[in-house]
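Each reported figure results from applying straightforward, stated rules to the coordinates on display, with no laboratory input. Bear in mind the structure is a predicted one, so any value in this text is a computation, not a measurement. FYI the Cβ positions are ideal-geometry reconstructions off the backbone, even for glycines, and counts take in every protein chain you see.
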Amino acid sequence: MGITERKVREKEHRKEEILDAAKKVFFEKGLSAATMDEIAEAAELSKGTLYLYYKSKEDMYLGVMMRGMEELYEDFERIGTSSVSTLHKIMELGDVYRKYFDKHRKFFRMIHFLQSPQFHKQVSDEMKKTCDMETQRVWNVINSILQTGMDEGLLRPNYNPMELGVILWSNMNALMLRIDNEGDKWKKRFNIDLEHTLSVSTTLLFESILTTRGRTEYAALANK
């Protein structure tokens, strides 16, 4: 290994160590309450050293979030290249995202914090570009699968596949956020299990975009 290559690997290793420390602080305190001093202490580095690798704590927050999302990105890409039927792929996308929500609730909360306009004002252009590229991986898979569903006559053709993806994704996100914030309250006050509501809502939306042929294939899959 040459000197240059070794230095690159050492730099990447240090960045990962910093993200490990930042994750602990962010999970405990959130972005607003966390400080660079606390992250530096957790990483056993000086605050000045942190700034050599990340321009702000917001950049670090985005780095932690993207690393946490890698599992979801990889699962989506695996689904996109699998040999199962198109409807099976669409159903599996929803299942994988829901399982990710159940397993990684703190990362899910980080994703939604990113929607804050104030947060984006603090993030460097470099990190925004990296995040956009990673997010595009997910949307490429979703768009491709939904377009294939239309081409195969399974989904109604009078929609833009990307718009359909946004609708399905946003519906799940909205209910997941409510489950995370108010799940117990809805159970106590209205005797409504929002986990079940999520399943019902997802099914209703999905069935509404199916053609007659699509509904036939979906019924066969659902009964397996």
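Here is how the numbers come out for the structure above:
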{"quantity": "Radius 15 Å from Cβ of PHE190, net charge of other residues (Lys, Arg +1; Asp, Glu -1)", "calculated": "+1"}
{"quantity": "Nearest-20 debye value, the chain charge dipole, Cβ charges on Lys, Arg, Asp, Glu", "calculated": "360 debye"}
{"quantity": "Normalised alpha carbon radius of gyration of the stretch 138-224 [divisor 2.2 N^0.38 Å]", "calculated": "1.26"}
{"quantity": "³J(HN,Hα), Karplus 6.51/-1.76/1.60, whole Hz, each residue of the stretch 155-166, x for Gly, Pro", "calculated": "10, 4, x, 8, 10, 7, x, 5, 5, 4, x, 5"}
{"quantity": "Greater than 32 Å apart at Cα, pairs in LYS106/LYS187; LYS47/LYS106; LYS15/LYS185; LYS121/LYS187", "calculated": "LYS15/LYS185; LYS121/LYS187"}
{"quantity": "C-alpha long axis of helix 194-208 to longest principal axis of the chain, angle in °", "calculated": "60 degrees"}
{"quantity": "Equivalent ellipsoid dimensions for the chain as semi-axes, Å, which come from the Cα gyration tensor, largest first", "calculated": "38, 23, 14"}
{"quantity": "Summed side-chain charge close to SER199 - residues other than SER199 whose Cβ falls under 10 Å, Lys, Arg +1, Asp, Glu -1", "calculated": "-1"}
{"quantity": "The chain: relative contact order as a whole-number percent, Cα under 8 Å and 6+ apart", "calculated": "17 percent"}
{"quantity": "0 to 90° range, to nearest 10: angle between helix 86-103 axis and the chain longest Cα axis", "calculated": "40 degrees"}
{"quantity": "Alpha-carbon centroids, the stretch 206-224 and the stretch 110-149: separation in whole Å", "calculated": "30 Å"}
{"quantity": "Built amide H within the under 5 Å cut-off of LEU155, gap 5+", "calculated": "MET150, THR211"}
{"quantity": "Solvent-free Debye scattering, log10 I(q)/I(0), computed from the Cα coordinates of the stretch 1-54 at q = 0.18 Å⁻¹", "calculated": "-0.58"}
{"quantity": "Rounded, prolate or oblate (a/c below 1.5 giving rounded, otherwise prolate when a/b exceeds b/c) for the stretch 106-181 by Cα gyration tensor", "calculated": "oblate"}
